[in-house]
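Read through the structure below, which is laid out as C-alpha cells, and then see the notes.
The values are calculated or read from the model by the stated rules, or taken from the named source; none is laboratory data. Remember, predicted model here, so these are calculated numbers, not experimental data. Using ideal geometry, Cβ is built from the backbone for each residue, glycine included, and neighbour counts are taken over all protein chains shown.
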Amino acid sequence: MGFYSGWIMHLLFLVLVYLAAVLVVAAGGVYISRQRRSRLSTSSKKVLSAPPGVATRPPDTTQPTIEVDLKPGQIEGSAFDASPKTEEKEAPKSLSAGLSRTRGVIGAALSRMKLRGGLSEEFWSELEETLILGDLGLEISRDLTSKTRDAFRQTGLNSSVEAIDLLRRQMLADLVGKDRSLGLLGEAPNLILLVGVNGVGKTTTIGKLANYLANNGSSVILAAGDTFRAAASEQLEQWANAAEVEIVKGNSGGDPASVIFDAASRAKAIGADVVIADTAGRLQTSSNLMGELAKIHRVAQKAPGTLSEVLLVIDATTGQNGLSQAKSFSDAAHTTGVVLTKLDGSAKGGIAFAIERELGIPIKFVGTGEKIGDLVPFDPETFVDEVCG
C-alpha cells in the first residue's frame, strides 16, 4: 500500500505541474495577442507629417466612387494632357504703336513747325521736304503742299498750327470713303488670295489673318499654295497650328493652282467659311511668274465658292518700290486690297498714303508686330493723326 500510495501521489504531482504549465502558456498567448492588437490599433491611427508647404487632408473613410471627365487628348488613368494648351493672349499692337517710327520722322518735324509764328516760303518748302522724307513721293508731296497752301491763303490767317491742321484735313479727305472691309459675302467658301514679292511676310500675314478671322467667328482653312520655296508649307503649318485652323498642302514643286482648288473643295465639303491661300513670292518684273499668278487667279475663280479678295502684301520698309509692286500685281491678279507689313519697323509709313492716292487700292490691314495678334484694320483717321503729330 505504501508503494502504490507514493506512486499515485507522484502522478498527481506531475499532472498538476502539467496543468500549471498549460495555464502559463495560455495566459502568455492572451497577453501577447492583446499587445499586438494594441500596437496595430495605434499604428492605424498615426498620421504622417507632410513636408513644409504641402497641405494635408483628413482620411476619407467613405471611399466614394470618383468620376473623371477626360479632356481631349488625355489618357485615362494619367495626368498627361495632349490637348492644345490655351495661353493668355496678348493684346495686339495698335495702329498707333505701329506708326511710332513714322511719327518720329514726319510727326516730330510737323510738331516743330507748329511752334513757328508767321509763315514764309521757308515753311512751305520745309513742309514739302518733310512729306518727301516720309515717303509720300515727290508728286504727292508737292500736290499736298500746294493744296494746303491754297486753302490756307483763303483763311486769311498766319498761323503755323492752322496750316498743319489744314494739311491733316486734306490728307484725311484723300483717304476716307473707301471700302476697307473684307468682301466675304459671296457663296461659301470665300477665297482670299495673298500675293506679293519674296520676303514681304505673306506667310506670316496669312497666319495672322487666319487668327483674326477665327477670333471673329469664321471657320478657316489655309491653302499652302507656295509649293516652290523650301519649307514654305511647314512654316504655314506652324501658323495654322497657332491659329488652330486646318491646312491643305500639296507635293513639293506641285501645281499651286491645284492645291488652292483642293482647299476650296475641302472647305465646301465641311462647310468652312473662308479659305486663305498662300502663293509663291515673285518679282513683279518676271513675266513668266506673273503669268502663272494670272493662271492661279483664273483657277481660283472656278473653284468651289467665291473668289472674294486678292490682297497684295507690301513691306512698308521698301518705300516707293512698293508702289511699283502694287501696279504690277494689280494688273496680273486684279488686286482688291493691300496689307502693309512691318509698319512698326519703318519710318516711312507715308507709303500707305502713296499707295491709296496713286492706285486707288484700299489698305485693309496693317502688320504692327511679330505676334500672331499683331494685324489690325487700317484706320485712316488714326493714320493721319499719327503722321501729322
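For segment 350-357, the count of residues that are free of Cβ contacts under 8 Å to residues at least 24 places away in the same chain and surrounded by fewer than 20 Cβ atoms within 10 Å (Cβ to Cβ) is zero.
Yes/no matrix, rows are residues, columns are (1) farther than 28 Å from ASP331 by Cβ; (2) part of a helix (DSSP H, G or I); (3) in the same structural domain as GLY196 (by TED's automatic domain parsing):
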| position | (1), (2), (3) |
| --- | --- |
| ALA214 | yes, yes, yes |
| SER218 | yes, no, yes |
| PHE228 | no, no, yes |
| GLN235 | yes, yes, yes |
| TRP239 | yes, yes, yes |
| GLY253 | no, no, yes |
| ALA257 | no, yes, yes |
| ILE260 | no, yes, yes |
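If you go through segment 172-205 and keep only what is aliphatic (A, V, I, L, M) and either modelled with pLDDT under 90 or surrounded by fewer than 22 Cβ atoms within 10 Å (Cβ to Cβ) (or both), you end up with LEU172, ALA173, LEU175, VAL176, LEU184, LEU185, ALA188, VAL197, VAL200.
When the criteria are applied in full, GLY196 meets the requirement of being in contact with a Lys or Arg (Cβ under 7 Å, 6 or more places away or on another chain), assigned by TED's automatic domain parsing to the domain that holds ASP278 and closer than 15 Å to PHE365 by Cβ.
Selection of segment 250-291 for residues being among the polar types (S, T, N, Q), within 13 Å of ARG229 (Cα to Cα) and either at pLDDT 85 or above or under 23 Å from the mean Cα position of the chain (by Cα) (or both) yields ASN251, THR279.
Just one of the listed residues (GLY281, GLY291) is buried (at least 16 other Cβ atoms within 10 Å of the Cβ) and closer than 30 Å to GLY137 by Cβ, namely GLY281. Residues in segment 241-249: is at least one within 23 Å of ASN198 (Cα to Cα), β-branched (Val, Ile, Thr), surrounded by 16 or more Cβ atoms within 10 Å (Cβ to Cβ) and touching a residue at least 24 places away in the same chain (Cβ under 8 Å)? Yes, because at least one residue in segment 241-249 is within 23 Å of ASN198 (Cα to Cα), β-branched (Val, Ile, Thr), surrounded by 16 or more Cβ atoms within 10 Å (Cβ to Cβ) and touching a residue at least 24 places away in the same chain (Cβ under 8 Å). Among the candidates ASP344, ASP315, the residue that is of a type in the set (Asp, Glu), modelled with pLDDT under 75 and at negative phi is uniquely ASP344. Quick check, is ALA151 closer than 30 Å to ILE260 by Cβ, hydrophobic (A, V, I, L, M, F, W, C) and out of contact with any Pro (no Cβ under 7 Å at 6 or more places or on another chain)? Spelling it out, it is not the case that ALA151 is closer than 30 Å to ILE260 by Cβ, hydrophobic (A, V, I, L, M, F, W, C) and out of contact with any Pro (no Cβ under 7 Å at 6 or more places or on another chain).
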